[in-house]
Amino acid sequence: MDIYQVIDKPLVTEKGTTMLSDGNWVTFKVNMDANKIQIREAVQKIFNVSVLRVNTQIVRGTRRRFGRTTGHTKAWKKAMVQLKEGDKIEIFEGV
Amino acid sequence: MEYDVEELEELKRKLNITIPEEEVTRRVNDAYRKLNQEMKMPGFRPGKIPQKVLEKQVPMQSFGQLFQDLMQEYYEEALHKTGLRPTGQPEIDHTGLQDIKKNEPLKFSVILDIKPELKIKNYKGLKFKKKEAVVSDKEFEETLEKVLSRHGSLELMPADHAAEKWDILKIDFQGFVEDQPMENEKADDFELRIGEKKMLDGFEDQLIGHKAGEEFEIKVILPPNWNKKTQRISFPIPGADEEQADDRATFKIKLKEVKQLSLPELTAEIAKREGFDTVDELRRAIKVDLQNHKDQQEELKIKEDIFNRLVKEFDTMPPESVIEREIKFMIEGMKYQIAQSGMKLEDSGFEPEKAEKEWREKAIFNTKGYMALESIAQAENIHVTQQDMEGEYELLAKQTNQKVEDIQKRIMSNPDSLNQTTTKILGQKTMNFIYSNCEFEFYKEEPPKE
């Protein structure tokens with residue numbers, strides 16, 4: 001998989017900013033099929049930082065109803081990446 | 001807070017003010033906290049956006065109002081501390097706002113015109129000669145005659161009676177200038193009384209000696225400005241005295257009737273009809289009326305003298321901004337008068353640009369006087385109260401035949417005219433104060449020679 005296909009977009013959320021200040025974690029929405037190793041490679045190459053750990057999680061699609069039809073949103077993969085102390089990614093620095 | 005004052009001109013100061021760092025930071029943080037509650041951002045609950053994130057999204061420079069308020073506040077405090085008394089609009093230098101930082105003190109400067117120091121020391125106990133108004137018998141008789149004439153009866157005089165002074169004539173007339181009939185100078189069955197001087201100068205005198213039924217012509221020198229409609233306005237029109245030759249008009253007159261007014265004897269009945277119980281009371285009332293009128297005139301005259309004297313003693317040049325405001329106000333007042341008299345601005349011959357130049361002198365004179373009065377008011381602790389304002393509204397309403405609320409609304413809606421009104425009232429109050437503190441040397445009025 002090409003590294004530019006691995007990362008979908010950065011996530012900037014309330015929890016994300018807390019994690020950033022607590023342990024230098026950054027969060028991304030990533031390709032469902034990407035594994036931790038691919039994510040590590042992609043983040044290191046694209047943002048020119050060194051990655052200590054990668055945690056991933058599959059966020060289940062939530063049920064949605066539209067009138068009488070029911071369905072659910074797509075499931076997606078969230079990746080939490082801990083960077084080496086001192087490294088940073090500009091887009092997370094206060095958006 | 002740090003500040004220092006630079007003296008630019010005699011009445012111009014530059015205030016350099018520094019707002020301390022903590023104050024700036026505190027204000028900015030407060031503003032962000034408030035903004036946080038109102039802003040929505042995906043990924044964050046309302047009010048929970050970290051300030052760091054918010055600062056990137058909303059730069060500090062966008063809090064223009066905040067800094068304006070902050071500067072205003074510190075400016076006022078600085079004024080209070082330095083004791084400067086500003087007049088006109090201050091000029092606040094905003095350039096410091098461009099690169100404002102949260103953790104740095106904010107420096108800015110204000111250029112302002114100040115009111116001059118009180119230089120007029122001897123405004124108390126000014127010495128004036130005051131004419132002790134005496135109502136002469138002649139004046140009294142004249143007034144009495146006017147009262148009586150209201151109850152008099154008209155007698156038609158025989159055809160061979162030549163018109164005399166005080167006769168009442170009925171005439172047709174038509175005025176001509178250079179053989180062209182004049183507009184508005186034509187009337188049929190016009191009644192006038194010789195000697196009342198309601199007509200053009202010399203018009204009435206030339207009627208004396210003519211008899212009823214005669215037709216004749218008279219020549220009258222027209223006053224300057226006779227054909228300008230602006231006569232109805234009390235201000236001098238700028239440029240009015242240009243190109244006015246003595247115009248001579250010819251009036252064709254047909255004398256129709258000569259009447260004489262016969263005055264009745266002053267009786268108790270007439271006194272009663274005028275609303276008095278006895279003849280003596282009527283006489284007394286007329287006398288008191290005349291006396292008051294004279295006293296008032298004398299008071300006005302002295303007040304004018306006071307004003308002139310104040311202006312003379314006040315040798316500081318008023319700041320440009322104040323002069324300009326005064327000229328503007330005069331022009332506005334003029335426009336208002338023109339509008340009130342039902343004319344269009346273009347027809348009146350009034351040119352604001354011309355007026356600006358010609359009234360400058362007068363405006364400087366006025367502003368000097370106002371400033372002198374103001375500084376005295378300051379020294380004597382004279383203030384304008386709400387009651388004074390209401391009184392002024394009522395007076396204006398009465399003068400212009402409008403509703404009090406309308407006047408109030410008109411004045412309140414324009415800060416300039418509100419300012420002007422308070423200045424005017426303050427001036428009047430101060431003037432009364434000075435007047436009541438004057439020393440008068442009374443002298444008797446010399447009887448008018450005749």
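For the stretch A:1-8, the count of residues that are away from chain B (no Cβ under 14 Å), more than 28 Å from B:M41 (Cα to Cα) and surrounded by 15 or more Cβ atoms within 10 Å (Cβ to Cβ) is nonzero.
Based on what the data block shows, is A:V54 of a type outside the set (G, A, S), away from every other protein chain (no Cβ under 14 Å) and part of a loop (DSSP other than H, G, I, E, B)? For A:V54, the condition - of a type outside the set (G, A, S), away from every other protein chain (no Cβ under 14 Å) and part of a loop (DSSP other than H, G, I, E, B) - is not met. From the list B:E356, B:E392, the lone residue that is in the same structural domain as B:P318 (by TED's automatic domain parsing) and either of a type in the set (S, T, N, Q) or over 14 Å from the mean Cα position of the chain (by Cα) (or both) is B:E356. Screening the stretch B:16-49 for residues that are crowded, with 17+ Cβ neighbours inside 10 Å and within 14 Å of chain A (Cβ to nearest Cβ) and picking the one that is nearest to B:L112 (Cα to Cα) gives B:Y32. The set of residues from the stretch A:31-57 being buried (at least 17 other Cβ atoms within 10 Å of the Cβ), under 10 Å from the mean Cα position of the chain (by Cα) and of a type outside the set (V, I, T) comprises just one member, A:N31.
Screening the candidates B:S417, B:S348, B:S413 for the property of being surrounded by 14 or more Cβ atoms within 10 Å (Cβ to Cβ), hydroxyl-bearing (S, T, Y) and either modelled with pLDDT of 75 or more or closer than 25 Å to B:L84 by Cα (or both) yields one hit, B:S417. Please specify each residue of the stretch A:17-30 satisfying the condition of being surrounded by fewer than 19 Cβ atoms within 10 Å (Cβ to Cβ) and either closer than 10 Å to A:K78 by Cα or within 14 Å of chain B (Cβ to nearest Cβ) (or both). Listed by number, the residues that qualify are A:T18, A:M19, A:S21, A:D22, A:K29. For the stretch B:50-64, the candidate set comprises residues that are part of a helix (DSSP H, G or I) and more than 11 Å from chain A (Cβ to nearest Cβ); within that set, the residue that is nearest to B:V28 (Cα to Cα) is B:M60. Across the stretch B:146-191, the qualifying residues are those that are modelled with pLDDT of 75 or more, out of contact with any Ser or Thr (no Cβ under 6 Å at 6 or more places or on another chain) and aromatic (F, W, Y), and the one among them that is surrounded by the fewest Cβ atoms within 10 Å (Cβ to Cβ) is B:F190.
Select from the stretch A:14-34 the residues that are in a loop (DSSP other than H, G, I, E, B) and closer than 15 Å to A:V59 by Cα and list them in ascending order.
Our first condition is that a residue be in a loop (DSSP other than H, G, I, E, B); within the stretch A:14-34, this holds for A:24, A:31-34.
Hits for the stretch A:14-34 are A:N31, A:M32, A:D33, A:A34.
Determine whether the stretch A:84-92 contains at least one residue that is assigned to a strand (DSSP E or B) and either at pLDDT below 90 or more than 14 Å from every other protein chain (Cβ to nearest Cβ) (or both).
Of all residues in the stretch A:84-92, those assigned to a strand (DSSP E or B) come to none.
Scanning the stretch A:84-92, I find no residue that is assigned to a strand (DSSP E or B) and either at pLDDT below 90 or more than 14 Å from every other protein chain (Cβ to nearest Cβ) (or both), so the answer is no.
The values are calculated or read from the model by the stated rules, or taken from the named source; none is laboratory data. These numbers were taken from a predicted model, which means no experiment stands behind them. Using ideal geometry, Cβ is built from the backbone for each residue, glycine included, and neighbour counts are taken over all protein chains shown.
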